[in-house]
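The structure appears right after this line, and notes come after that.
The values are calculated or read from the model by the stated rules, or taken from the named source; none is laboratory data. Being a predicted model, the structure only gives us computed values, none of them experimental. Glycine also receives a Cβ, built like all others from the backbone with ideal geometry; neighbour counts cover every protein chain displayed.
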Amino acid sequence: MSFSSKKHLILFSLFLFVALQACKDDPALPDNLIGFESNQLGFTSTENEITLQVKFTYPAYESGTVLINILAEGLVYDTDFTTEPATVSNALSIPFLAGETAKSIKVIKKPGLLVDGDENIGFTLASAPAGTILGPNPSLKLTFAEIISASGAATVDGGGATYPNKVFIDLSANRQVAIPRTGWDLGFAAGNEFRVILNASNGMMAIATDKNSMAAVTAADTAGLSTRLSLNAVFAAINLDPVPDWVPNAITWIDDPSGNLSKTALAEINTTDSENKVYIVNLGNGPGTPAPELGWKKIRVLRKAAGYTLQHADIGSATFTEVSITKDNNFNFQYVDFEKGLVQVEAQKDKWDISWTGFTNSTNFGSGPVPYYFQDIVLQNTHQVQTAQVLTSAIAYEAFSETNLATLDFGTQSQVKIGPNWRSGGGPGAAPAIRTDRFYIIKDAAGNVYKLRFTALTSDGERGKPKYEYSLVKKG
């Protein structure tokens, strides 16, 4: 064998050895579980359609097809209900691509459908697609009536470490709805108040000008605001010596974290148009690493007979867009996205209990309260929902029962009653972790009382997907 051939053989052998070692050292991918979001859901009389989700623990490792068998009891497909996608021989075949995290099924009632309440549809995964194994919820029963869930366990669909979603949770319905936190900008109070809230999930801030004309506000009115009107700017300022004199005012540029509508960044909308000033708004940051800046707007809100009129534009624009918002008292707020106009965000006010999100909270670093961003906050619905914290030193989670409610003091309620208190750490040198010394009692708008505890801060080490379990203590 020639020297050249020996050289090539040696090089090939070395390449093969390195390749084999690399394969040997590659860690095996974790099991990717597939299953429904829960094992039971109710389809209430007020809903015309409902979306079910089949979820993967991790983005799908490879493309494939989800096969789902359907069995209806007391209902006839295409006569009483239909689905998107449509069934073929009582089964759904749903293709998915590598990288997808969930697939949706829409169930739609036919017009005029009357039910007794015992009708249901069973959805069952026929098998696990390639690259997955069946998870804890391989089947789901959809009942055509409102259910009162007795217990459950779930992973919050926060979307991951950049917390892209805000998640609304309804314990009695065993349901959670995740919406992109960048899917809205302003919320307009639907009750007796004429108040507007900012999207605290994105760290929005707003400051009033002394002008009541959109055209009169220009880029000149933002002078100096880039170093003040942002959460990053506030954080940088409190580390200066001396702390700038504007810092105490920063807390007024956000909505009060408690949810008190008398303390919003925007003043109450006045009946006299000329009293309603133009505000400069920093839209905050979206999900990502680094988190992208969402930009700036100028806005003005006026009262309308049954709602509001919003005027909004880019700072330098000589014209503006106008949006009419009509109040609907079935909801806490009506929502507007600057790009899309009116959008649906949260469910009806009696159809959710708590939510999980990143959030603009407040704290005191020594110079008074200042706004800062908290990644894992749990908010409660301010409409008739009550919560109370119970320490395990007083009674264990498993032992808490209906008899213990007699001595339970729900106390003063706040949007942040649970708030950040369910977890600890997160500061310098302190990794965040759930607090196992406490659990929560939640009384919903219908009077159902649940006990709930958080069981994990992460899912397989990934932030933005905490786990919880709950159990019915008393039916309303």
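Glu62 meets each of the listed conditions (1) over 30 Å from Ala161 (Cβ atoms); (2) loosely packed, with under 14 Cβ neighbours inside 10 Å; (3) in contact (Cβ under 8 Å) with a residue 60 or more places away in the chain apart from (1).
Based on what the data block shows, is Gln375 touching a residue at least 40 places away in the same chain (Cβ under 8 Å) and either within 25 Å of Val196 (Cβ to Cβ) or part of a strand (DSSP E or B) (or both)? For Gln375, the condition - touching a residue at least 40 places away in the same chain (Cβ under 8 Å) and either within 25 Å of Val196 (Cβ to Cβ) or part of a strand (DSSP E or B) (or both) - is met. Look at (1) assigned to a loop (DSSP other than H, G, I, E, B); (2) in contact with an Asp or Glu (Cβ under 7 Å, 6 or more places away or on another chain) and you find that Asp409 fails only one, number (2). For the residues Glu398, Glu402, the requirement of being loosely packed, with under 14 Cβ neighbours inside 10 Å, of a type outside the set (Val, Ile, Thr) and out of contact with any Lys or Arg (no Cβ under 9 Å at 6 or more places or on another chain) singles out Glu398.
Beta carbons closer than 8 Å, at least 6 apart along the sequence or on distinct chains, pair a first residue in segment 309-321 that is in the same structural domain as Val217 (by TED's automatic domain parsing) with a second that is part of a strand (DSSP E or B) and acidic (Asp, Glu) for Thr309/Glu322; Leu310/Glu322; Gln311/Glu322.
Could you tell me whether any residue of segment 456-464 is modelled with pLDDT of 95 or more and among the polar types (S, T, N, Q)? No, segment 456-464 contains no residue that is modelled with pLDDT of 95 or more and among the polar types (S, T, N, Q). Would you check if Val234 is assigned to a loop (DSSP other than H, G, I, E, B) and aliphatic (A, V, I, L, M)? No; evaluated as a whole, the condition is false for this residue.
The condition of being small (Gly, Ala, Ser), over 24 Å from Asp353 (Cβ atoms) and touching a Ser or Thr at 6+ places or on another chain (Cβ under 8 Å) holds for only one of Ser172, Ser104, Ser149, Ser93, that being Ser93.
Yes or no, residue by residue, for (1) farther than 30 Å from Thr387 by Cα; (2) of a type in the set (S, T, N, Q):
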site	(1), (2)
Leu171	no, no
Arg181	no, no
Asp185	no, no
Arg195	no, no
Ala215	yes, no
Thr218	yes, yes
Leu229	yes, no
Val243	yes, no
Asn249	yes, yes
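Look at (1) buried (at least 17 other Cβ atoms within 10 Å of the Cβ); (2) acidic (Asp, Glu); (3) farther than 28 Å from Val378 by Cβ and you find that Glu275 fails only one, number (1). Picking from residues in segment 277-292 that are out of contact with any Pro (no Cβ under 7 Å at 6 or more places or on another chain) and not aliphatic (A, V, I, L, M), the one that is farthest from Ala233 (Cα to Cα) is Lys277.
Against the conditions (1) under 25 Å from Lys351 (Cα atoms); (2) at pLDDT 95 or above; (3) buried (at least 19 other Cβ atoms within 10 Å of the Cβ), Pro371 satisfies every one except (1). No other residue among Ala431, Ala456 is of a type in the set (A, V, I, L, M, F, W, C), surrounded by fewer than 19 Cβ atoms within 10 Å (Cβ to Cβ) and in contact with a Pro (Cβ under 7 Å, 6 or more places away or on another chain) apart from Ala456.
Condition first: closer than 30 Å to Pro244 by Cβ, touching a Phe, Trp or Tyr at 6+ places or on another chain (Cβ under 6 Å) and in a strand (DSSP E or B). Can you find one or more residues in segment 311-330 that meet it? Among the residues of segment 311-330, at least one is closer than 30 Å to Pro244 by Cβ, touching a Phe, Trp or Tyr at 6+ places or on another chain (Cβ under 6 Å) and in a strand (DSSP E or B), which makes the answer yes. Within segment 113-136, can one find any residue that is within 20 Å of the chain's Cα centre (by Cα), of a type in the set (Val, Ile, Thr) and modelled with pLDDT under 95? There is no residue in segment 113-136 that is within 20 Å of the chain's Cα centre (by Cα), of a type in the set (Val, Ile, Thr) and modelled with pLDDT under 95. Set side by side, the residues Leu229, Leu266 differ, and just one is in contact with a helix residue (DSSP H, G or I) (Cβ under 8 Å, 6 or more places away or on another chain) and either not small (Gly, Ala, Ser) or not in a helix (DSSP H, G or I) (or both), which is Leu229.
The numbered conditions (1) surrounded by fewer than 17 Cβ atoms within 10 Å (Cβ to Cβ); (2) over 18 Å from Asn174 (Cβ atoms); (3) in the same structural domain as Glu47 (by TED's automatic domain parsing) are all true for Lys109 except (1).
Among residues of segment 329-345 that are closer than 19 Å to Ala313 by Cβ and in contact (Cβ under 8 Å) with a residue 60 or more places away in the chain, those with a Cβ under 7 angstrom from a residue that is outside any loop (DSSP other than H, G, I, E, B) and among the hydroxyl-bearing types (Ser, Thr, Tyr), sequence gap 6+ or separate chain, pair up as Val343/Tyr335.
Which residues, taken from segment 412-443, are assigned to a loop (DSSP other than H, G, I, E, B), farther than 20 Å from Gln386 by Cα and either assigned by TED's automatic domain parsing to the domain that holds Asn260 or touching a Lys or Arg at 6+ places or on another chain (Cβ under 7 Å) (or both)? Pro432, Arg435 - these are the residues of segment 412-443 that are assigned to a loop (DSSP other than H, G, I, E, B), farther than 20 Å from Gln386 by Cα and either assigned by TED's automatic domain parsing to the domain that holds Asn260 or touching a Lys or Arg at 6+ places or on another chain (Cβ under 7 Å) (or both). Determine which single condition Val107 fails, assuming it passes every other condition in (1) at pLDDT below 95; (2) under 25 Å from Ser151 (Cβ atoms). Every listed condition holds for Val107 apart from (1). Can we say Val370 is closer than 30 Å to Glu146 by Cβ and touching a Pro at 6+ places or on another chain (Cβ under 9 Å)? It is false that Val370 is closer than 30 Å to Glu146 by Cβ and touching a Pro at 6+ places or on another chain (Cβ under 9 Å). Can you pull out every residue in segment 328-356 that is among the aliphatic types (A, V, I, L, M) and within 16 Å of the chain's Cα centre (by Cα)? Correct list: Val343, Val345, Ala347, Ile354. Screening Leu240 on (1) within 30 Å of Arg463 (Cα to Cα); (2) at pLDDT below 95 shows it passes everything except condition (1).
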